[in-house]
Each structure stands twice: as C-alpha cells, then as structure tokens.
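In what follows, a structure is listed as structure tokens, so that the remarks can point back to it.
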Amino acid sequence: QMVSKRHYLYGTFEWEYLLPKGRNLWPAIWLTAVESWPPEIDVMEGWTSSGYFQKYRSDYKRFIGFNNIVPGLFYGTQDNLRHYCKASLGSKTTFSCLQRLNRTNKCKLIWTPDVIKIYYNNHLVSKITDKEILKEFNKPMVIVMNNAVTDKFTNEDYIYYKQYGRPFSIINFKYTSYEG
C-alpha cells in the first residue's frame, strides 16, 4: 500500500496503470480524509476471483481477470456510514474488464466543491452533484493505492501469484490543482 505524503483539497487526478494478475486480488486507487474515515472516494476498486474465471477461462493458468471494477463514495460517520455507487464496470457492460487486463488503463477523478466525476478509460462512470453529499468531502485527503487480497486468498493463490502473477503497476500519475 502506498499513501501520499501530500494532502489534497480538490483537483483533477489522473492515473495510468496495469491491472494485476492473480486470484483473489483487490487493487484500488482511492482518497481518504487525513483526519478521519469516512469520507472515502473510490476511484477504482477491483476484484479478481477464481470462481468467476472457471466459467470464462481459455487458459486459467495464464489469464486471471476482473469480474468487477467499481467507483464509489463512503461518507457520514462510522456509526452512520453511507455509500454512494451508481456504476459497476463488470463484464456485462461496455467497459468490460476482461478486455482491459493486458492493456494500460486510465482512471480520472475530478473533485471540486460542486462535483465529483470519476472516469474509467475516458468514459464518465460516476457524477455526483448533490450538495449534501459533496459537503462531506470538503476536507484534506490523501491518495491511497494498494494491491490487497480478498478474504478468499489462500496459500495456493500466493504460490500461483509468485509464479504467474503480476503486481498492480502505476505507470503514470498527474495532478492538476483546482483553481476555483
């Protein structure tokens, strides 16, 4: 897991990355408040699963893909946690993750006092303009990028990953400050 030392309050954030290869992986790019949790902005959060690819495999030993990539928001308090998600970029959409495993992917966050927009490979996938939700995100945040594992990750998955896997790789990152 990598956490930025810098704190951000609004701006445009752009990432180019390669998705990892392996079973039961959980890569993510997100922002969270410096002083508390929530809030959290999930720009890209994905999961691989061995069960999904038993159904769609051509060569399971070489190809593990994503059954879901989701942008979303968490806000409120830990006792009254709220979640906002209006997009799921799974295999049944035009943004099929199966097509993106061996390509460079892009995600972008535009975060201002008036809007939060999340893009996946140049497609707008989430837009939040609700003033009540947006005021929850008016605080300094840090960027977190991680390649975690799911609760189904086993020793066999670890051995597989060491032999056939690939880490979550950030190729490029660009930040443009908000000049509102």
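Structure notes:
- Using the average count of surrounding beta-carbon atoms within 10 Å as a protection proxy, the listed peptides 12-25, 140-153 rank, highest first, as 12-25, 140-153.
- Ranked by the mean number of other Cβ atoms within 10 Å of their residues, highest first, the peptides 37-44, 157-164 come out as 37-44, 157-164.
- With the highest mean first, a sort of the peptides 121-127, 108-114 on other beta-carbon atoms found within 10 angstrom per residue produces 108-114, 121-127.
Computed from the coordinates by the stated procedures, all read-outs in this text should not be read as laboratory data. This structure is a prediction, so every number in the text was calculated from the model and none was measured. Backbone-built Cβ (ideal geometry, glycine too); neighbour counts: all protein chains shown.
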